[in-house]
Amino acid sequence: MVFYRTSRGNTVLLLAAVLITLGLVVALHSEAALLYAGIGLFLFYYTLKLLLGAQVRALDKLEISRVFSKRTGEGKPVEVVLTFVNRTFLRLTVEIVDNYPKFFRLVSGTNVAVLNIPAKGYAELRYEIKPTSIGANKFGPLRTITRDIAGLFFYERSIEIPTNMIEVTPAQVEVSRGALSTVVLSTYGGSLTSRRKGEGMEFDDLKEYEQGDPYKRIEWLSTARTGRLMVRQLRAETQLNIMVLLDSTQTMAYGEAGQTKLDYSARSVASLLGYLGRRGDFIGITVMKGANDFEIVPLGRGETQITRIMHILGNISPSASTGANFNEAVKRALVLGRVKGRTLFFVITDLDSEADLSALKQLLVMHHEVIVISPFTPLFESHGLEGLDKAIYSISASHQWATREKLVSEAARLGVPVLDVGPKDIFPKLVMQVEEMRSKGGS
């Protein structure tokens, strides 16, 4: 147990020493008043230290808990409640500093306070914080400071509270079907739905009645106009298999907090998840952390699948590795991802690190579709930089550009298209590629 003296404590101790010294000198010739004053001051100093020691022992028995929502979405405030239960007979006055996660900001209340905790009682501290970035975030230790009544000493302690992780899931973006149709039609000149005829919800064409056609599909107006019995033909809804290979190595974390390539990529995957979930498609994800470290959610659909992938995205964080291992990622995605049938593989990577893309050729040979979605560096990182930071960034970007060009050329040689995307168009481009595959007949 180490106590720290304040400047006031140093002054009192020095004054006591001076009085005792002068008292000893003067006591030889006159009264010992100075000596008694010095001894009294020293005893006061020592007594306060003993009392502070008793408070610290009571503080060690303090029961502290931190209550908050373990999962939240981007932009949603989180209320944090700190509870202090004092089961001793001493009243405690404690200075509290709660270190909330660094990528959160304080919205209301305060995380710094002086609490008076009554004997055999409890106290609470409440405040609200809001996330500025996605992924797993950690609360720091709770810092407590206890002082004596005269302010001569203080005792400081950092307390690690076991429940200290909060998961921030990326926000989803909605796409207007009408707006999407316009973009896709102008780009590909085709329909968003399957070319296959069959059971479905959307009208496709009229045909003459054949034996076995349901009576409920008879189109009476066309029948009266043509003189032949006509029935409606509907488009069959096409289910797709989508596997996302997401690079989470350190180069994907370049940029401002909450505005990095990894942040936007995770948001686009979350948005795509919601979009495909409503269409009944199958989706899975393989998060590449470099070397042989991967997180995989096999292909699936439904609310359980959405929850599993959102949990992965909510805990995502940039790894220390500098390059994704595509060979191992493809092997594991095929086996552990339960890939069956024709599948569209989205490979989301910035192509800023040396990598072997030859494994993507294997997917093409297996008749899968492969598209590299590459966050275009200047569109993601330079928009918030100024002055020296922008100059340093430009030097770094020019150095990485040679690597990127090499990998883009290699992808072209393998027959794998690379789409450069920015923060605003990454999700629409994902959806356009999905709907182009759907128009070709899907899985």
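The values are calculated or read from the model by the stated rules, or taken from the named source; none is laboratory data. These numbers come from a predicted model, not from an experiment. We place every Cβ from the backbone using ideal geometry, glycine too, and count neighbours over all the protein chains shown.
Within region 375-411, the set of residues being charged (D, E, K, R), surrounded by fewer than 21 Cβ atoms within 10 Å (Cβ to Cβ), part of a helix (DSSP H, G or I) and modelled with pLDDT under 70 comprises Asp389, Lys390. If the condition is being within 18 Å of the chain's Cα centre (by Cα) and under 14 Å from Val81 (Cα atoms), then region 129-165 contributes Ile129, Phe139, Thr163, Asn164. Annotation: of all residues in region 216-262 being more than 26 Å from Val370 (Cα to Cα) and hydroxyl-bearing (Ser, Thr, Tyr), the one that is surrounded by the fewest Cβ atoms within 10 Å (Cβ to Cβ) is Thr226.
Condition first: within 25 Å of Pro101 (Cα to Cα) and touching a Phe, Trp or Tyr at 6+ places or on another chain (Cβ under 7 Å). Can you find one or more residues in region 70-78 that meet it? There is at least one residue in region 70-78 that is within 25 Å of Pro101 (Cα to Cα) and touching a Phe, Trp or Tyr at 6+ places or on another chain (Cβ under 7 Å). When the residues of region 56-70 are filtered to those that are assigned to a helix (DSSP H, G or I) and not basic (Lys, Arg), the one that is nearest to Gly151 (Cα to Cα) is Val56. Scanning region 271-310 for residues that are of a type in the set (Gly, Ala, Ser) and within 27 Å of Asn327 (Cβ to Cβ) turns up Gly284, Gly290, Ala291, Gly300. Every test in (1) surrounded by 13 or more Cβ atoms within 10 Å (Cβ to Cβ); (2) part of a helix (DSSP H, G or I) is passed by Asn10 save one, and that test is (1). The single condition from (1) touching a Phe, Trp or Tyr at 6+ places or on another chain (Cβ under 7 Å); (2) farther than 27 Å from Thr11 by Cα; (3) modelled with pLDDT of 90 or more that Ile145 fails is (2).
Let's see how each residue does on (1) in the same structural domain as Glu95 (by TED's automatic domain parsing); (2) within 30 Å of Ile161 (Cα to Cα):
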| position | (1), (2) |
| --- | --- |
| Arg8 | no, no |
| Ala16 | no, no |
| Phe42 | no, no |
| Leu52 | no, yes |
| Val56 | no, yes |
| Phe68 | yes, yes |
| Arg71 | yes, yes |
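Could you please find all residues in region 124-153 being surrounded by fewer than 18 Cβ atoms within 10 Å (Cβ to Cβ) and not in a loop (DSSP other than H, G, I, E, B)? If the condition is that a residue be surrounded by fewer than 18 Cβ atoms within 10 Å (Cβ to Cβ) and not in a loop (DSSP other than H, G, I, E, B), then Glu124, Arg126, Glu128, Lys130, Ala136, Lys138, Arg143, Ile145 are the ones that fit.
For region 417-430, filtering for residues that are crowded, with 20+ Cβ neighbours inside 10 Å and under 21 Å from Arg279 (Cα atoms) leaves 3.
Given the condition without any contact (Cβ under 8 Å) to a residue 24 or more places away in the chain, more than 17 Å from the chain's Cα centre (by Cα) and not in a strand (DSSP E or B), answer yes or no: does some residue in region 229-242 qualify? Spell out how you get there, then give the answer.
Step one: filter region 229-242 for residues without any contact (Cβ under 8 Å) to a residue 24 or more places away in the chain, giving 229.
Retained after the next criterion (residues that are more than 17 Å from the chain's Cα centre (by Cα)): 229.
So of that shortlist, the ones also not in a strand (DSSP E or B) come out as 229.
Taking every residue of region 229-242 in turn, at least one turns out to be without any contact (Cβ under 8 Å) to a residue 24 or more places away in the chain, more than 17 Å from the chain's Cα centre (by Cα) and not in a strand (DSSP E or B).
The residues of region 74-87 that are at pLDDT 90 or above and either surrounded by fewer than 20 Cβ atoms within 10 Å (Cβ to Cβ) or acidic (Asp, Glu) (or both), listed by number, are Lys76, Pro77, Glu79, Val81, Thr83, Val85, Arg87.
Is one or more of the residues making up region 41-55 assigned to a helix (DSSP H, G or I), surrounded by fewer than 18 Cβ atoms within 10 Å (Cβ to Cβ), modelled with pLDDT under 90 and in contact with a strand residue (DSSP E or B) (Cβ under 8 Å, 6 or more places away or on another chain)? The answer is yes, given that some residue of region 41-55 is assigned to a helix (DSSP H, G or I), surrounded by fewer than 18 Cβ atoms within 10 Å (Cβ to Cβ), modelled with pLDDT under 90 and in contact with a strand residue (DSSP E or B) (Cβ under 8 Å, 6 or more places away or on another chain).
Rundown of residues vs (1) touching a Leu at 6+ places or on another chain (Cβ under 8 Å); (2) under 27 Å from Asn315 (Cα atoms), yes/no style:
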site: Ala119; (1), (2): yes, no
site: Tyr122; (1), (2): no, no
site: Thr132; (1), (2): no, yes
site: Thr144; (1), (2): yes, no
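Among the residues of this structure, Leu28 counts as one that is in a loop (DSSP other than H, G, I, E, B), modelled with pLDDT under 85 and not acidic (Asp, Glu).
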